[in-house]
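Please read the structure below before turning to the comments.
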Amino acid sequence: MKKLILPALAVCIMAGSAVAKVTVNNPSAPARQYTVIESPIDGSDRAEQTITLDSKGSATFEQSALPVSIMITDADGINKIRLFSASAGDNITLQISPDGQAVVSGTKLMDDIQALDTALAPINEKAQSVQAMFATDPAGAEALYNDLQAQADAVVKNFLSANADSPAAAYAMLELRGQDFLDAYDSMTPAAKESVFMPIIEKMRERNIKQVEMERLTAQLESGTVQAPAFSLPDMDGKSVSLSDFKGKWVILDFWGSWCRWCVKGFSELKDEYAKYSDKLEVVGIDCNEPQDRWKAAVAKYELPWVNVYYDTQKDKSLLEAYAVQGFPTKVIISPEGFIKKIVVGADPSFPSTLANLIGAR
């Protein structure tokens, strides 16, 4: 999956020189204790405190006037996470129902965030049920998940359209990605840009600009007219291996690392495909982002039968950029003539059929 549906979180941020007060109400649980963890957005040391509800199931605590995210966890370890943002002097109320659901109110920001979270809640619930499907029906789960993601995106875009000046507009944008995010950023009003989330939004903007550029590069590389970038990398014995060594055969470049569980999980499928097309296909595993000793141990542990080479990404990332590698695993399918035909990112259930269509067409 590319990303997670927006969690049902409430958010507020503190600024100024005074404090913000937060009241927690849970009438069904008098005397219950909660741990409040305050994590400043600027990365400074977090603070922690414990609050205890009174006989009526209520407690009020103060937070420093500093942009923070707050996680509230009950004493028995069940997380009830809420990210708050408030101005100095604000009074925020967190109302917890017996089933653990929470509603946050008290400011325009809180009210708008709560409205957005409420609109997204049914989609989030369905997304949770889809998670279990990935083990038994990955293709079906992926299709359902993508549909739910499209629904979530539509909810967020409608919210932004109807609440252009809302202090929660920037919060809503945290759900978007790629060109959708950049379009929303370009449409932000001056009022929306006053949000305390803007430092986060600015960082996301840079990431999304890069993502869109990589997507464009991927589309260009997959046009079928681009020669695969050359490389020479050391194999298990230190011997240099070049892409040109495999001219005349189909090649799959598998960018991976032993730290990546989806990379490891995909070895079984890749071994099947390697065996199926052994007379016309070579796989070149390109290990990334780890020391050589871990790479060699992983090759032995997982009994990888193909060509294995090491790429020191601490010294150079140009090869990842040349092949538009945005995540791991990334598999690049190259024709016998040396042209890139397909770039597959992540655990894509369509990979075997994609390979069959390409190789089988010859």
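Exposed loop positions in the chain were taken to be GluC sites (Glu not before Pro) whose DSSP state is not H, G, I, E or B and which have at most 13 other beta-carbon atoms within 10 angstrom. Between these positions, the longest stretch is 1-302. GNM on the chain, alpha-carbon springs under 10 angstrom: the most fluctuating residue among Gln151, Gln63, Gln101 is Gln101. Projecting label points 7 angstrom from Cα along Cα→Cβ for Met198 and Asp316 puts them 4.2 nm apart. Placing unit charges on each Cβ (+1 for Lys and Arg, -1 for Asp and Glu) gives the chain a dipole about its Cα centre, and among Ile113, Gly224, Pro336 the Cα reaching farthest toward its positive end belongs to Pro336.
Fully extending the segment from Ser244 to Arg207, taken as 0.36 nm per residue of separation minus the present Cα-Cα distance, adds 10.0 nm. Karplus-based coupling profile of segment 211-223, in residue order and whole Hz: 4, 5, 4, 5, 5, 5, 5, 4, 4, 5, 5, 7, 5, with θ = phi - 60° in 6.51 cos²θ - 1.76 cosθ + 1.60 and x standing for Gly or Pro. Here the dipole of segment 243-334 is about 120 debye; that uses its Cα centre as origin and unit charges on the Cβ of Lys and Arg (positive) and Asp and Glu (negative).
Temperature 4 °C, viscosity 1.567 mPa s: under these conditions the Stokes-Einstein estimate for segment 99-147, based on its Kirkwood radius over C-alpha pairs, is 103 µm² per second.
Restricting the trypsin sites (Lys or Arg not before Pro) of segment 177-248 to loop positions (DSSP other than H, G, I, E, B) with no more than 12 neighbouring Cβ atoms within 10 Å leaves Lys239, Lys247. In this Cβ point-charge picture (+1 for Lys and Arg, -1 for Asp and Glu), the chain has a dipole of about 480 debye about its Cα centre.
The value given for segment 259-362 is a Kirkwood hydrodynamic radius of 14.6 Å, derived from the mean inverse Cα-Cα separation. The portion of the accessible surface of the chain made up by carbon and sulfur, rounded to a whole percent, is 52 (1.4 Å probe; DNA, RNA and ligands excluded). Across segment 117-127, rounded Karplus estimates of 3J(HN,Hα) from the backbone phi angles (6.51 cos²θ - 1.76 cosθ + 1.60, θ = phi - 60°) give 4, 5, 5, 7, 3, x, 5, 4, 4, 5, 4 Hz, Gly and Pro being marked x. Accessible area of Leu320 (1.4 Å probe, protein heavy atoms only, ligands and nucleic acids ignored): about 20 Å².
Ignoring aspartates and glutamates fewer than eight residues from Lys341 along the same chain, the ones with Cα atoms less than 18 angstrom from its Cα are Glu215, Glu222, Asp254, Glu273, Glu282, Glu321. Along the axis of the charge dipole computed for the chain (Cβ charges of +1 for Lys and Arg, -1 for Asp and Glu, origin at the Cα centre), the listed residues Asn158, Ser129, Ile96 are led at the positive end by Ser129.
Take the alpha carbon gyration tensor of segment 202-268, find the square roots of its eigenvalues, order them as a ≥ b ≥ c, and report rounded if a/c is under 1.5; if not, report prolate when a/b exceeds b/c, else oblate. It is oblate, given that a/c is not under 1.5 and a/b is not larger than b/c.
The values are calculated or read from the model by the stated rules, or taken from the named source; none is laboratory data. What you are looking at is a predicted structure, and each value in this text was computed from that prediction instead of being measured. Virtual Cβ from ideal backbone geometry, glycine too; neighbours counted across all protein chains shown. Keep in mind that these areas ignore ligands, DNA and RNA; they rest on the heavy atoms of the full protein, side chains included. Shrake-Rupley method; radii C 1.70, N 1.55, O 1.52, S 1.80 Å.
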